[in-house]
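The values are calculated or read from the model by the stated rules, or taken from the named source; none is laboratory data. These figures come from a predicted structure and were not determined experimentally. Neighbour counts run over all protein chains shown; Cβ positions are idealised from the backbone, glycine included. Only protein heavy atoms, including side chains, enter the accessible area calculation; ligands, DNA and RNA are left aside. Shrake-Rupley method; radii C 1.70, N 1.55, O 1.52, S 1.80 Å.
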Amino acid sequence: AQSVTQPDIHITVSEGASLELRCNYSYGATPYLFWYVQSPGQGLQLLLKYFSGDTLVQGIKGFEAEFKRSQSSFNLRKPSVHWSDAAEYFCAVGARAGGTSYGKLTFGQGTILTVHP
Amino acid sequence: EAGVTQFPSHSVIEKGQTVTLRCDPISGHDNLYWYRRVMGKEIKFLLHFVKESKQDESGMPNNRFLAERTGGTYSTLKVQPAELEDSGVYFCASSQAHRGRETQYFGPGTRLLVL
C-alpha cells in the first residue's frame, strides 16, 4: 500500500529565508506526486505535480520540488519565503492506472508553516 | 470557469441526526472524489466516482455513509446516523478522466461537527 510521510509537523521560518519541506513516499512503482497548500479558511490548492520526465518541477508562487527516486523523496523548496506563504502544506501520492483504485490520493500528515516578519 | 463547490460550508448536528453534504464538480469532469480529514489526522480517501458509477469505495468507513452521484453531475454524501467520530472536514475533488494521470481540483470543504 502506498504511504506518505511528512516528518515535520510544524516549521517556522523568517520572511525572506529559504524553505524546504520534506516528503517521503512509499509506492511500488514510479508515483504521481503532488504538493497542495491550504491557507486558513480555504480549500486545497495545487502547487505543483510530477508525472514523469524532468525531476525538477516548477510550480506556482515560486515553489519547486525535486523527485529523487533513490531517496523516495519529493521535497518542496522556495528560495525566499513571503509572509503570505504561511499555510499548511500537503504532499500526496496518486495511484496509477492498473487497478480499480487509480487516481485516489494518499496524503501526508501535513506541515504547518509559520512565517515570522 | 467555476471551481468545485461544496455545501454547506459548516454543519453542526447532534449525534444520531442525519447530515447530507453536497459537491458540485467542475463542469465536464468525470472523476469525483470524496476525502475526509479528522482533526489531527491526515486527509483520507473515501470514494471515487467515474460519472455516476462508484469506481472505488474502499475508503468508506462504514455503512452509515452513503454517497450518490446523480446523472454524473453533483454528488451527495449522507451520514446517517452521525456519530461523534464523524466530525471533521469533508473535501470533494474532481478531475478529467485520465485514469490516474490527472490533476484533482479541490473544493473548500465542509466542516462537520457532531455533538
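The residues of chain A have, on average, 45 Å² of accessible surface per residue, using a 1.4 Å probe with all protein chains present.
In terms of accessible area, using a 1.4 Å probe and ignoring ligands and nucleic acids, B:Thr70, B:Thr76 rank largest first as B:Thr70, B:Thr76. Using a Gaussian network model of chain A with C-alpha springs under 10 Å, which one of A:Gly94, A:Gly59, A:Gly28 is most mobile by mean-square fluctuation? Maximum fluctuation in the GNM of chain A, among the listed residues, is at A:Gly28. For the chain pair B and A, buried accessible area totals roughly 2100 Å², probe 1.4 Å, rounded to the nearest 100.
Calculated accessible area for the stretch B:1-89 comes out at 52 Å² per residue, all protein chains present (probe 1.4 Å; ligands, DNA, RNA ignored). The GluC sites (Glu not before Pro) of the stretch A:1-88 that meet both conditions, a loop assignment by DSSP and at most 14 other Cβ atoms within 10 Å of the site Cβ, are A:Glu15.
Only Cα pairs under 8 Å and 6+ residues apart enter the sum, and on that basis the relative contact order of chain A stands at 36 percent.
When the residues B:Met39, B:Met60 are ordered by accessible surface, computed with a 1.4 Å probe over the protein chains alone, the sequence from largest down reads B:Met39, B:Met60.
Hydrodynamic analysis of chain A uses the Kirkwood radius over alpha carbon pairs. Inserted into Stokes-Einstein at 37 °C and 0.692 mPa s, it gives a translational diffusion coefficient of 228 µm²/s.
Return the carbon/sulfur percentage of the accessible area of chain A, one whole number, probe 1.4 Å, all protein chains in place. Carbon and sulfur: 50 percent of the exposed surface of chain A. Here the accessible area of chain B is 50 percent carbon and sulfur, with a 1.4 angstrom probe and all protein chains present. Here B:Lys44 is the anchor, and the lysines within straight C-alpha reach of less than 16 Å, apart from those fewer than 8 places off in the same chain, are A:Lys104.
Placing a pseudo-label 7 Å from each Cα along the Cα-to-Cβ vector at B:Glu52 and B:Glu83 gives an inter-label distance of 3.2 nm.
Ligands, DNA and RNA excluded, the heavy atoms of A:His116 present near 100 Å² of accessible surface to a 1.4 Å solvent probe. Here the stretch B:19-96 is treated with +1 on each Lys and Arg Cβ and -1 on each Asp and Glu Cβ, and its dipole about the Cα centre works out to around 60 debye.
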